Amino acid sequence: MSHFVELDNITLRYGGEDTGTVALEGATLRVARGEFVAVVGPSGCGKSTLMKALSGLWPVNAGTVIVAGREVARPLEIVGMAFQNATLLPWRTTLDNVMLPLEIVQPHRGRLRRHRAEYEARARDLLKLVGLAGFEQKFPWQLSGGMQQRASLCRALIHEPELLILDEPFGALDMFTREELWGVMQDLWMTKRPTVILVTHDLREAVYLADRVHVMSARPGRMVHARTVDLARPRTLEGTYTASFTAITQELREHISHARAAA
Amino acid sequence: MTDTTVARSAASARPAAAPTRKPWLASRRNLERALPWLVVIGLFLVWEVGVRAFSVPQFVLPAPSVIFESMWKWRVPILDNAWQTLFTTAVGFGIAIVFGLVTGVLIGSSSLIYNGLYPVLIGFNSIPKVAVVPILVIWFGIGTVPAIITAFLISFFPILVNVATGIATVEPELRDVLRALGARRRDIILKVGLPRAMPYFFASLKVAITVAFVGSIIAETVASNKGIGHLMMVASSRFDVPLVFAGLLVTALMGVAMYIVANIVERRMTGWATRGMDGGMSAPQG
Ligand SMILES: Nc1ncnc2c1ncn2[C@@H]1O[C@H](COP(=O)(O)OP(=O)(O)OP(=O)(O)O)[C@@H](O)[C@H]1O
Ligand SMILES: [Mg+2]
């Protein structure tokens, strides 16, 4: 059976042969189409690097990266990515930032001029969904860190990508907003069914959202453990305090502390 | 105990009421606005008084009053020649903008072009432009064209370097946002490189416009029959020192006027870079 995403035994090194930093070594990850996968691991273990390799932003030194049946040599249009930092363009308003992918990715690119109103409504809906209604015309520096992150999440979603790569998209948010956005994310995934790969530090978040959680080792990163989360959907916040839920987070916690200790 | 509290609150009440009674100049904003004028007026006053007190001969240093008188007397030829200088400067500067922008983008976005072209440009920029004017005269004859070309040659470099820097220093994170969407090189330059370079570009215009003036006037003094530079040459050959100074003053005025225009354009276009603070210049004091 071939997977939608296949990372096979990849090694990625920043810098030269002997002086560089080996960020990933022998990392393997397989994700089926429509699956929601979370990646957790100690800080600096190479999670963001894994996402860069996966999206084709950074070439791997060894191993193969295959997305949608083709080897990834350069970034793909079917991918939507939210980076660890919001990385909004400072000269664009929030709305224009969210609409940026539409100016690049086909078929939207060709349709944008004539269907501007329709696309703008879509962007406004998304912003409203993450609680940013009324901030469309504000510039990024007029938003708080968490608001910028939410805007960048909208930017990742606007062109309805088949593969969503999210690098700690809720990292800078308070717990209440974060939990609210988990719900939003789950609804979105259940209706549109994109393939999602989510990096997070929050084990509750990982277990709430994902079908499967992968634990990475300390740098150089590779996958050391995978845990299938077979809780029924839609999952609820109350559910995160049940015994079956906490058993899973507890198990993951132990694997991560092992990974940290091994470093 | 209570007494001191009362005394303190009375003391703190005083400064709050004070601003209404402050003279107009005491407000920091107004002072900042008036300061350049005060400095200029002060300078002229000191100059005038100095010249009179030491009875400096007119052909060494004329007093401001004499200069203004001469300015008024020769207003028609001055305006006529100033217009010519303004025209050559504007045309040369316009070409410099286009050329500087295009080559700046090319050099900034390709390390190959950068490595190939940059040393040549540095070398070229080191040539004193006065030395180039005679060559231009041989090619194009005496007149408007050498002045335009000199203005262009002297002013494109700061524009080019700034645009190239702005594009070359785009944060990799911002570039990755576009790359992750499968954007082509051209899209990345258009959507990230150019907007990001705009503050650099507009800042360079302020420098470029003033040196463009210098270029025009150099060419006019060496090889022209029109323009402020030519006027000053003629005046000095007739030992009409007040008129020479009048020419200098007009040049300075045109330079300042152009600078102000460039400054206004800059603020309009790149508000995001100064984060909407009004008066980028006075910002550091908050
Ligand atoms: N552009 C880069 N150049 C050189 N080294 C880098 C670069 N980016 C990351 N690294 C190194 O690679 C290693 C992995 O970094 P990465 O950003 O992938 O970690 P991470 O797992 O995402 O950490 P965190 O959870 O803190 O975000 C780190 O040791 C880091 O120093
Ligand atoms: Mg990271």
Task: Filtered residues of region A:78-96 (kept if more than 16 Å from ligand 2 (Cβ to nearest atom) and crowded, with 24+ Cβ neighbours inside 10 Å) - done: A:79, A:80, A:88, A:94
Open item on the list: Being within 16 Å of ligand 1 (Cβ to nearest atom) and either within 10 Å of chain B (Cβ to nearest Cβ) or among the β-branched types (Val, Ile, Thr) (or both) narrows it down to one residue among A:79, A:65; which is it?
Closed with: A:65
TODO: Tell me which residues, restricted to region B:159-208, are among the basic types (Lys, Arg) and away from chain A (no Cβ under 13 Å).
DONE: B:206
TODO: Run down B:143, B:166, B:182 and say which single residue is on the phi > 0 side of the Ramachandran plot and in contact (Cβ under 8 Å) with a residue 40 or more places away in the chain.
DONE: B:143
Task: Residue match in region A:238-247 (condition: touching a strand residue (DSSP E or B) at 6+ places or on another chain (Cβ under 9 Å), touching a residue at least 12 places away in the same chain (Cβ under 8 Å) and within 15 Å of residue A:38 (Cβ to Cβ)) - done: no
- [ ] Those residues that are more than 9 Å from ligand 1 (Cβ to nearest atom), open to solvent by 20 Å² or more (accessible area, probe 1.4 Å) and within 14 Å of chain B (Cβ to nearest Cβ), I need them from region A:52-62; list them, please.
- [x] A:59
- [ ] Identify the single condition in (1) more than 8 Å from ligand 1 (Cβ to nearest atom); (2) surrounded by 15 or more Cβ atoms within 10 Å (Cβ to Cβ); (3) among the basic types (Lys, Arg); (4) not in a strand (DSSP E or B) that residue A:13 does not satisfy, given that it satisfies every other one.
- [x] (4)
Open item on the list: Yes or no: region A:210-224 includes at least one residue that is within 22 Å of residue A:30 (Cβ to Cβ), more than 13 Å from ligand 1 (Cβ to nearest atom), out of contact with any Asp or Glu (no Cβ under 9 Å at 6 or more places or on another chain) and open to solvent by less than 10 Å² (accessible area, probe 1.4 Å).
Closed with: yes
Open item on the list: Can you tell me which residue is nearest to ligand 1 (Cβ to nearest atom) among those in region A:26-45 that are assigned to a loop (DSSP other than H, G, I, E, B) and farther than 22 Å from residue A:251 by Cβ?
Closed with: A:44
Open item on the list: From the list A:49, A:87, exactly one residue is within 9 Å of chain B (Cβ to nearest Cβ), within 16 Å of ligand 1 (Cβ to nearest atom) and in contact (Cβ under 8 Å) with a residue 24 or more places away in the chain. Which is it?
Closed with: A:87
TODO: Among the residues of region A:27-45, count how many are open to solvent by 10 Å² or more (accessible area, probe 1.4 Å) and either more than 22 Å from residue B:182 (Cα to Cα) or within 14 Å of another protein chain (Cβ to nearest Cβ) (or both).
DONE: 7
Task: Residue check, residue B:155 within 26 Å of the chain's Cα centre (by Cα) and modelled with pLDDT of 90 or more - done: yes
Task: Subset of region A:132-159 [within 12 Å of chain B (Cβ to nearest Cβ) and open to solvent by 20 Å² or more (accessible area, probe 1.4 Å)] - done: A:138, A:139, A:141, A:142
TODO: Tell me the helices (runs of 4 or more DSSP H) entirely within region A:46-162 that contain at least 2 residues that are among the aliphatic types (A, V, I, L, M).
DONE: A:47-55, A:94-98, A:116-129, A:145-157
Task: Qualifying residue in region A:57-73 (condition: among the aliphatic types (A, V, I, L, M) and under 29 Å from residue A:141 (Cα atoms)) - done: yes
TODO: Please enumerate the residues belonging to region A:23-42 that are over 16 Å from the mean Cα position of the chain (by Cα) and within 16 Å of ligand 2 (Cβ to nearest atom).
DONE: A:23, A:24, A:27, A:42
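Condition check ((1) on the phi > 0 side of the Ramachandran plot; (2) touching a Leu at 6+ places or on another chain (Cβ under 7 Å); (3) touching a residue at least 60 places away in the same chain (Cβ under 8 Å)) across all residues:
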site	(1), (2), (3)
A:193	yes, no, yes
A:201	no, no, yes
A:212	no, no, yes
A:221	no, yes, yes
A:252	no, yes, yes
TODO: For residue A:197, state whether it is within 14 Å of chain B (Cβ to nearest Cβ) and either away from ligand 2 (no atom under 16 Å from the Cβ) or touching a residue at least 60 places away in the same chain (Cβ under 8 Å) (or both).
DONE: yes
Open item on the list: Among the residues in region A:169-176, are any in a helix (DSSP H, G or I) and in contact (Cβ under 8 Å) with a residue 40 or more places away in the chain?
Closed with: no
TODO: Go through A:204, A:260, A:219 for me and flag whichever is basic (Lys, Arg) and away from ligand 2 (no atom under 16 Å from the Cβ).
DONE: A:204
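The values are calculated or read from the model by the stated rules, or taken from the named source; none is laboratory data. Quick caveat, the model's predicted, so the values are computed rather than measured. Heads up, the Cβs are rebuilt from the backbone with ideal geometry, glycines too, and the neighbour counts pull from every protein chain shown. Protein only, heavy atoms only, side chains kept; ligands, DNA and RNA dropped before computing areas. Shrake-Rupley method; radii C 1.70, N 1.55, O 1.52, S 1.80 Å.
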